[in-house]
Amino acid sequence: MSLQVVPAAGAVLERVLDDTYSIWNDGLSREHYGKSWAAQVKTPWGAGHLDRIALVDGPHVVSSAKRYDLSLRFDGRIRRVLGIGAVFTAEAHRGRGAARELLSRMLDTAVAEGFEFAMLFSEIPPAFYERLEFVPVPLTEWTIEVDQKRGGAPAMLVRSGDDRDLPNIIEMSAARAAGARLALDRSEDFIRFGITRKRLQSGLAPAGMRTTEFLVVEEGHQAVAYLVATAQDGRWMIEEAGDRDPSGARLGAMLQVMLARYPSERVPEIRGWWPQSLVPPQLTIAASMPTQEVLMIRPLRDRLLPLPPLASAEVVYWHSDYF
Ligand SMILES: CC(C)(COP(=O)(O)OP(=O)(O)OC[C@H]1O[C@@H](n2cnc3c(N)ncnc32)[C@H](O)[C@@H]1OP(=O)(O)O)[C@@H](O)C(=O)NCCC(=O)NCCS
């Protein structure tokens, strides 16, 4: 067996997409699953920060994974982080160390390329990644309830967000992350990529299955609060949100406006990976639980450096940045 890591392109990419489709299709057809990937790597952020690689044995594609080149603010310093996603081994090759081999080669390459940490979301029990020295980062998913104002929605200019709002959104995002010990360092291109990916997942899904909303509250021609949400099966996920006002009052009012458009007998369940420092007065927390997908991290260079334990209140990580 002579295993090699290659970029997933051409026939290798098609094989990887065929193999991974049944797990990560998100309701898309196989054709649209391929289109969504192609469109993501064509975005300005995706083109320079996202790819897929494969572990091949001659003509056989054994394992594959996605690589994200991320920027993380951790304990006050900006670190370059390798994000690893969609780790997969073809069924015929499982249980023989292929995924482990691919991951250790990825980590070695990342060290050589100057990455300081590696991060992933585990969809399987984390022991597999713990053996590769990853440690879990606590993340909480909140279910929230919005006090639905009687007598109508608050009077406020809520409009669709667009490109010109991104500088304001960066500011709101950075202000919210400033107090955290661990948060992504989010550029304009990166935020645009996240919104594009959500829109692709909605736009390419069967009609009516999923919608993505990107809304802002405007004051004096500036976005002063924003929200990106996806809706599916009567459930909303707040993908990311921000408010220039630390109390989050405009964000809460924006949710009231959105809810006012819905028939009251079909109140959606609203969830989000809210930073604990942002609870608008109109919201109450109905439930909280650890996220199903476990965020894990490991240092690459300072291997002997023990990671100081993190509490979930010290982490700001929006669902839109789940990979
Ligand atoms: C998880 C996966 C990539 C492992 O690939 P692999 O090449 O068989 O992995 P390795 O041979 O290096 O390691 C095998 C170990 O993976 C772990 N593992 C594999 N599948 C697992 C699962 N569903 N749940 C828990 N652990 C699992 C076990 O610890 C196993 O160890 P064991 O053989 O001693 O029981 C493969 O099972 C797969 O593609 N699964 C479907 C996609 C998926 O769930 N990917 C993970 C996303 S985070």
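The values are calculated or read from the model by the stated rules, or taken from the named source; none is laboratory data. All figures in this text were calculated on a predicted structure; none of them were measured in a lab. Reconstructed Cβ throughout: ideal geometry from the backbone, glycine too, with neighbour counts over all protein chains shown. Heavy atoms of the whole protein, side chains included, go into the accessibility calculation; ligands, DNA and RNA do not. Shrake-Rupley method; radii C 1.70, N 1.55, O 1.52, S 1.80 Å.
Quick one: would you say residue 81 is surrounded by 19 or more Cβ atoms within 10 Å (Cβ to Cβ), in the same structural domain as residue 52 (by TED's automatic domain parsing), in a strand (DSSP E or B) and within 16 Å of the ligand (Cβ to nearest atom)?
When the stated conditions are applied, residue 81 does not pass them.
Just to be sure before I move on: is residue 87 assigned to a strand (DSSP E or B), open to solvent by 10 Å² or more (accessible area, probe 1.4 Å) and not aromatic (Phe, Trp, Tyr) in the structure I sent?
Yes, satisfied.
Do we find a residue being in contact with a strand residue (DSSP E or B) (Cβ under 9 Å, 6 or more places away or on another chain), of a type in the set (Val, Ile, Thr) and outside the structural domain of residue 242 (by TED's automatic domain parsing) anywhere in segment 89-106?
Yes - at least one qualifying residue is present in segment 89-106.
Quick check: is even one residue across segment 44-53 surrounded by fewer than 16 Cβ atoms within 10 Å (Cβ to Cβ), within 16 Å of the ligand (Cβ to nearest atom) and either of a type outside the set (D, E, K, R) or at pLDDT 95 or above (or both)?
No; the residues of segment 44-53 include none that is surrounded by fewer than 16 Cβ atoms within 10 Å (Cβ to Cβ), within 16 Å of the ligand (Cβ to nearest atom) and either of a type outside the set (D, E, K, R) or at pLDDT 95 or above (or both).
Taking the options 102, 13, name whichever one is out of contact with any helix residue (DSSP H, G or I) (no Cβ under 9 Å at 6 or more places or on another chain) and either open to solvent by less than 10 Å² (accessible area, probe 1.4 Å) or away from the ligand (no atom under 16 Å from the Cβ) (or both).
102
For residue 156, indicate whether it is farther than 26 Å from residue 73 by Cβ, away from the ligand (no atom under 16 Å from the Cβ) and not assigned by TED's automatic domain parsing to the domain that holds residue 45.
yes
Condition first: part of a helix (DSSP H, G or I) and more than 22 Å from the chain's Cα centre (by Cα). Can you find one or more residues in segment 38-61 that meet it?
No, there is no match, as no residue in segment 38-61 is part of a helix (DSSP H, G or I) and more than 22 Å from the chain's Cα centre (by Cα).
Scanning segment 206-226 for residues that are open to solvent by 10 Å² or more (accessible area, probe 1.4 Å) and in contact (Cβ under 8 Å) with a residue 60 or more places away in the chain, which turns out farthest from residue 157 (Cα to Cα)?
206
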